[in-house]
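Colleague: Before anything else, here's the structure in question.
The values are calculated or read from the model by the stated rules, or taken from the named source; none is laboratory data. None of these values were measured; they are calculated from a predicted model. FYI the Cβ positions are ideal-geometry reconstructions off the backbone, even for glycines, and counts take in every protein chain you see.
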Amino acid sequence: MRAILFALAMLTATPTLAAQPWLTLPLTPTLPKADVSGLAPVNGVKLWYAEFGQSTGKGEPVLLVHGGLANSDYWGNQVRALVAAHYKVIVMDSRGHGRSSRNAEPYGYDLMSNDVIALLDYLKIDKVALIGWSDGAIIGLDIAMHHPERLTKLFAFAANYDPSGVTSAPSAVVDQYIARAGKEYATHSPTPKEYKNFVAQITHMWDSQPHWTKDDLAKIRVHTWIADGDHDEMVKHDQPRTLADWVPDSGLLIEPEVSHFAFLQNPDQFNADVLRFLKSK
């Protein structure tokens with residue numbers, strides 16, 4: 001690994017339940033007004049996307065890819081921080097998520113990675129720095145292996161490299177997230193009554209993918225940070241550490257006092273780490 005980038009917090013007292021951010025699920029943010037948004041026809045579906053900071057942004061575009069069951073609204077805090085730092089920013093709803101449609105093809109990370117490449121082609125963007133959360137991080141790793149020429153950097157937060165790396169432990173935060181995502185699906189989706197079926201199909205993907213080995217991940221040559229929260233309730237703690245060991249020259253960042261939903265629980269910390277990553281070499 002290039003570096004181990006532990007973010008450490010000093011606790012002076014035992015925190016109360018209310019002071020434990022990893023046990024909370026803050027409200028889903030809203031996205032700021034986009035410069036451009038629309039539906040891109042790619043790979044037999046229509047992917048919703050939005051672009052920000054197109055007139056003021058400088059340097060490499062940054063693509064934010066959300067996690068499973070979610071939508072691009074979850075990145076609202078990050079979009080604002082990145083635009084304020086003068087980056088061009090793109091968000092997208094993965095196939096079947098948010099405002100995007102789907103077809104009969106089974107969900108899979110290779111397919112969803114190809115959707116990202118097709119969207120970049122549609123937008124005439126050669127390369128991006130990709131910030132991925134959960135499924136978005138797995139999609140980013142898939143692209144880094146199979147389409148490295150399309151990435152300048154990869155920040156992979158809360159990824160697993162094997163289905164065995166997903167924990168089955170009960171979590172009130174995860175239950176709350178699944179329920180909230182269902183309400184958002186009903187609001188955004190072109191198939192608003194299909195959430196139960198959607199969850200079943202995504203769960204099947206989680207149960208069966210990815211299956212990456214050390215040799216697979218050793219192919220990655222993209223500048224990468226592997227990141228997670230120290231209280232992740234969905235991904236086992238060995239997963240980010242093993243990924244950082246297996247991805248050549250990668251950094252490992254463990255954010256304190258947060259979980260799988262760090263970008264909501266402590267957006268200032270998450271945004272600062274992303275900005276630090278984007279400036280790193």
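Colleague: Write out, first by first residue and then by second, each pair whose Cβ atoms fall under 6 Å of each other, whose residues are 6+ apart or on separate chains, and whose first residue, in the stretch 244-270, is touching a residue at least 12 places away in the same chain (Cβ under 8 Å) while the second is in a loop (DSSP other than H, G, I, E, B) and of a type in the set (F, W, Y).
Modeller: Matching pairs, first to second residue: I254/F6.
Colleague: Then there's this: Going by the structure shown, is N197 surrounded by fewer than 23 Cβ atoms within 10 Å (Cβ to Cβ) and not acidic (D, E)?
Modeller: Yes; evaluated as a whole, the condition is true for this residue.
Colleague: Now for a different question. Just checking, does the stretch 118-131 include any residue being crowded, with 16+ Cβ neighbours inside 10 Å, more than 16 Å from V62 (Cβ to Cβ) and of a type outside the set (V, I, T)?
Modeller: yes
Colleague: Out of the residues in the stretch 3-43 that are exposed (fewer than 10 other Cβ atoms within 10 Å of the Cβ) and outside any loop (DSSP other than H, G, I, E, B), state the one that is modelled with the lowest pLDDT.
Modeller: L17
Colleague: Of the conditions (1) closer than 19 Å to V199 by Cα; (2) hydroxyl-bearing (S, T, Y); (3) touching a strand residue (DSSP E or B) at 6+ places or on another chain (Cβ under 7 Å), Y122 satisfies every one except a single condition; which number is it?
Modeller: (1)
Colleague: Moving to a separate point now. Given the condition part of a helix (DSSP H, G or I), modelled with pLDDT of 95 or more, buried (at least 22 other Cβ atoms within 10 Å of the Cβ) and aromatic (F, W, Y), answer yes or no: does some residue in the stretch 135-155 qualify?
Modeller: No, the conditions are met nowhere in the stretch 135-155.
Colleague: Continuing with this model, one more query. Would you confirm whether any residue within the stretch 122-129 is among the β-branched types (V, I, T), more than 19 Å from A218 (Cβ to Cβ), at pLDDT 95 or above and in a loop (DSSP other than H, G, I, E, B)?
Modeller: The answer is yes, given that some residue of the stretch 122-129 is among the β-branched types (V, I, T), more than 19 Å from A218 (Cβ to Cβ), at pLDDT 95 or above and in a loop (DSSP other than H, G, I, E, B).
Colleague: A further question follows. Is it true that A227 is small (G, A, S), in a helix (DSSP H, G or I) and touching a residue at least 40 places away in the same chain (Cβ under 8 Å)?
Modeller: Against the criterion (small (G, A, S), in a helix (DSSP H, G or I) and touching a residue at least 40 places away in the same chain (Cβ under 8 Å)), A227 does not qualify.
Colleague: Anything in the stretch 159-185 that is touching a helix residue (DSSP H, G or I) at 6+ places or on another chain (Cβ under 6 Å), of a type outside the set (A, V, I, L, M) and over 15 Å from K196 (Cβ atoms)? List them, or say none.
Modeller: Passing the criteria: N160, Y161, P163, G165.
Colleague: I've got another one for you. Give the residue that is surrounded by the fewest Cβ atoms within 10 Å (Cβ to Cβ), with candidates limited to residues of the stretch 167-186 that are touching a residue at least 60 places away in the same chain (Cβ under 8 Å) and not in a helix (DSSP H, G or I).
Modeller: A169
Colleague: Say we look at the stretch 98-115 and pick out the residues that are assigned to a loop (DSSP other than H, G, I, E, B) and either among the β-branched types (V, I, T) or in contact with a Lys or Arg (Cβ under 6 Å, 6 or more places away or on another chain) (or both); which of these is surrounded by the most Cβ atoms within 10 Å (Cβ to Cβ)?
Modeller: Applying the filter and picking the extreme gives R102.
Colleague: Further question on the same structure: Go through the stretch 236-264 and report how many residues are buried (at least 21 other Cβ atoms within 10 Å of the Cβ), in a helix (DSSP H, G or I) and more than 15 Å from the chain's Cα centre (by Cα).
Modeller: Number satisfying all stated conditions: 3.
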